[in-house]
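Data block below; observations after.
The values are calculated or read from the model by the stated rules, or taken from the named source; none is laboratory data. Predicted, not measured: the structure shown is a model, and the values here were computed from it. No Cβ is skipped: glycine too gets one built from the backbone with ideal geometry, and neighbour counts run over all protein chains shown.
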Amino acid sequence: MPSIKDYLFDTAFLNQSIDYLTETLKLAITVIDSEGNLVAGCRNEVINAPVSRAFPFRFPANIGALVCGAPNQQLLDRAEPHILYCLASLNSQLLRETELKETTEEMLQLSSQINFLFKVAKKILGIEDLAKCYQIILDEISLMIKADQGFIQTKGRWDERVCVTRQMTEAEVDSLGNSLCLQDTANGTTIICTREDGASLLYSPIKEKIGQSGQMVFIRALNHRPFSASEKKLVGIIENIVSPTFETLRLYDSLQDLYLNTVKALAAAIDAKDEYTHGHSFRVAKYSMTIGEQLGLDNQQLNDLEIAGYMHDLGKIGISELILGKPGKLTHEEYSLIQKHPVFTDKILQPIQLPRHILEGAIQHHERMDGSGYPSGLIGAEISKFGRIIAVADVFDALTSKRPYREAMPVEEALQTLCEGIDTLFDREMIIAFISSLRSDRQNEVLDEINLGLRHNDLQNLNQFLIKLVDFTIASAHAGS
Ligand SMILES: [Fe+2]
């Protein structure tokens, strides 16, 4: 039980006080802990004394008292100023030693935090796999605070959910998310709470510039002591330091650049299979981004759209060049095989676990608004936004490129053809966005890869044409609604 001896580094003054009060004032003195157990002095003499009184030590917690016994009340009253003097000196020693202990603890804690952060930084240096970095951080914190289980749940580079666990399954993480004790943690501070089964939980939010991006949760099993205030403080400090690290790791560009370059290399490999579609994937990515910008997509969405554009024909890698570049009419079997390329794209990309919208954009670019497309025959809004954008970009590039069986179409004619498929084949919104982008001062930039002779005979004519086309598409939308 807590006693004064637990809080005194030096007990010499306590012993001197007992001697002084015993020998000089002829008192029976004993020191007891918070539950009345003997800590120092002679208990029996106090118990046998005719009068006695307890003087508690002044301290935030109950750490016991000095109990004085005397042959009579008069002697005890006379001794009281001396007792109070000894007690005041002991109390001030307690205060000084407590402050010193706290400062020492804080310094030790700071030193261990610095050591911890150096250790973690050294371990994650050079690791580009985000989940591995999170796992190291989770394991190191768990070891430091002696947590039995834990998890870190936050965002990955694509804002997808990333969850790393220690001694627990993802299903347990999900059920813990529904735990009542964690449902009141929206205030964004580190807290200790008790789970329904009595286990101690230490919850800490991961705060980035954009707001809270996730959380770290540590669990100490029922048969172990609950987390302490100092452990909570420690995790709070670590969170303050590791949250920007999470953000840096998440936004770290190198991996994304490496990834984008890999995707571009793949796109170049597909385009190279067919001399007639040379540069097709790059142009589709560019036209898609042009539409996306016109629609007001943010930078992250535009980057994702660009990747989906590069990947949209990835599945053609599994189709023979002889079929892809066949000058004459395709047989039924050959056409069926070509129609399978979005399914091949899906198969190739599945293991990469790309964000859903990128994958959908890549595999839905041959779906059509009226359900006549392939591979799934999706209708209208069942087709993802990226799918509807890439469909327009893909057909525009196909029409304005030379094919083994036909010459390339001029821009006006290609746009006219697209407009004929409004609402039946293509999403009106995407066509209007594309035409509007061509009316802007970015026209030359957007169309710079199209053979000049095919673009238009006269720039002014094209602009006049585009104005009429937009008016037409908007007017027909009004008529249809
Ligand atoms: Fe395609």
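Count of region 143-157 residues, restricted to those that are closer than 14 Å to GLU172 by Cβ and among the polar types (S, T, N, Q), is 2. Taking first residues from region 210-237 that are assigned to a loop (DSSP other than H, G, I, E, B) and partners that are of a type in the set (Asp, Glu) and surrounded by 15 or more Cβ atoms within 10 Å (Cβ to Cβ), the Cβ contacts under 8 Å between residues at least 6 apart in sequence or on separate chains come to ALA221/ASP148; HIS224/ASP148. Taking residues in region 2-22 that are small (Gly, Ala, Ser), and partners anywhere that are surrounded by 14 or more Cβ atoms within 10 Å (Cβ to Cβ), the pairs with Cβ atoms closer than 6 Å and at least 6 places apart or on different chains are SER3/ASP33; SER3/VAL39; SER3/ILE63; SER3/GLY64; SER17/CYS86. Tell me which residues, restricted to region 347-384, are touching a Leu at 6+ places or on another chain (Cβ under 7 Å) and part of a helix (DSSP H, G or I). Listed by number, the residues that qualify are ILE348, LEU349, LEU359, GLY361, ALA362. Of all residue pairs spaced 6 or more apart or on separate chains, none has beta-carbon atoms under 7 Å together with a first member in region 325-346 that is free of Cβ contacts under 8 Å to residues at least 24 places away in the same chain and over 22 Å from ILE363 (Cβ atoms) and a second member that is more than 16 Å from the ligand (Cβ to nearest atom) and assigned to a helix (DSSP H, G or I). LEU66 meets the conditions (1) surrounded by 15 or more Cβ atoms within 10 Å (Cβ to Cβ); (2) over 15 Å from ILE83 (Cβ atoms) in every case but one. The failed one is (2). Residue check: HIS280 meets all listed conditions (1) surrounded by 15 or more Cβ atoms within 10 Å (Cβ to Cβ); (2) more than 13 Å from the ligand (Cβ to nearest atom); (3) farther than 14 Å from LYS385 by Cα but one, namely (2). The condition (being aromatic (Phe, Trp, Tyr), modelled with pLDDT of 95 or more and within 30 Å of LEU447 (Cα to Cα)) is satisfied by just one residue among PHE386, PHE282: PHE386. Screening VAL46 on (1) modelled with pLDDT of 90 or more; (2) surrounded by 19 or more Cβ atoms within 10 Å (Cβ to Cβ) shows it passes everything except condition (1). Of all residues in region 334-375, exactly one satisfies the criterion of being among the aromatic types (Phe, Trp, Tyr) and more than 11 Å from the ligand (Cβ to nearest atom), namely TYR335. Pairs linking a residue in region 301-322 that is over 17 Å from SER384 (Cα atoms) and at pLDDT 90 or above to a residue that is more than 15 Å from the ligand (Cβ to nearest atom) and of a type in the set (Gly, Ala, Ser), with Cβ atoms under 7 Å and 6 or more positions apart or on different chains, do not occur. With respect to the conditions (1) surrounded by fewer than 17 Cβ atoms within 10 Å (Cβ to Cβ); (2) away from the ligand (no atom under 13 Å from the Cβ), GLN294 falls short on a single one, namely (1).
Here THR30 meets each of (1) surrounded by fewer than 16 Cβ atoms within 10 Å (Cβ to Cβ); (2) outside any helix (DSSP H, G or I); (3) in contact with a helix residue (DSSP H, G or I) (Cβ under 7 Å, 6 or more places away or on another chain) with one exception, condition (1). The number of residues in region 376-396 that are within 12 Å of the ligand (Cβ to nearest atom) and buried (at least 23 other Cβ atoms within 10 Å of the Cβ) comes to 4. The number of residues in region 297-324 that are within 16 Å of the ligand (Cβ to nearest atom) and under 15 Å from GLU360 (Cα atoms) comes to 10.
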